[in-house]
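Asks: Here's a structure for you.
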Amino acid sequence: MAIGGTGERGSASVEFALVLPLVLLMCLALLQVGLLVKDQLVVQGAARAGAREGAVSVDDAQVRQAAVDAAVDIDPALVDVLVAREGGAGTAVTVTVTYHAPIVVPLVSWLFPDTVDLSAGAVMRQETDG
């Protein structure tokens, strides 16, 4: 009776040792996806902040700076901001923010491309004439 129990316990240990690397790899991949989702939320907030600044300001450089300033916790060098205006007061200003997110979690970089492009846009009505 004791011999069968020991064999099963040893078998469970071997199975655990075989499955553990796969489970850890999936956990790390899930962590990377979570970081990308967090970055997407930051990019959306930056687009909204840029659009709000574009609604009250006609200076596109100021709009870009507002969007980059709102993009906390991400590298400003990897952020592109595009400002598109349709005309003067009462027309739309569209701000599109694109972040080229790097893969930062070790051991899962082979599962993802080198960078993941995260993009968000926001549209608001211009309150001032340019």
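The values are calculated or read from the model by the stated rules, or taken from the named source; none is laboratory data. Here the structure is a predicted model, which means the values were calculated and not measured. Note: ideal-geometry Cβ built from the backbone for every residue, glycine included; neighbour counts use all protein chains shown.
Asks: Taking R125 as meeting all but one of (1) in contact with a helix residue (DSSP H, G or I) (Cβ under 8 Å, 6 or more places away or on another chain); (2) surrounded by 15 or more Cβ atoms within 10 Å (Cβ to Cβ), write down the number of the exception.
Replies: In the conditions (1) in contact with a helix residue (DSSP H, G or I) (Cβ under 8 Å, 6 or more places away or on another chain); (2) surrounded by 15 or more Cβ atoms within 10 Å (Cβ to Cβ), R125 misses (2) alone.
Asks: Of the conditions (1) exposed (fewer than 13 other Cβ atoms within 10 Å of the Cβ); (2) not in a strand (DSSP E or B), R64 clears all except one; give me its number.
Replies: Result: R64 passes all but (1).
Asks: Would you mind listing the strands (runs of 3 or more DSSP E) fully within region 75-127 where at least 2 residues are acidic (D, E)?
Replies: none
Asks: Just to be sure before I move on: is V14 part of a helix (DSSP H, G or I) and modelled with pLDDT under 95 in the structure I sent?
Replies: Yes, satisfied.
Asks: Right, something else. Taking the stated definitions as given, is V37 modelled with pLDDT of 95 or more and touching a Phe, Trp or Tyr at 6+ places or on another chain (Cβ under 6 Å)?
Replies: no
Asks: How many residues are of a type in the set (V, I, T) and without any contact (Cβ under 8 Å) to a residue 40 or more places away in the chain when one looks only at region 43-76?
Replies: Count: 4.
Asks: Could you grab me the full set of residues in region 86-103 that are modelled with pLDDT under 95 and of a type outside the set (G, A, S)?
Replies: Residues satisfying the conditions are E86, T91.
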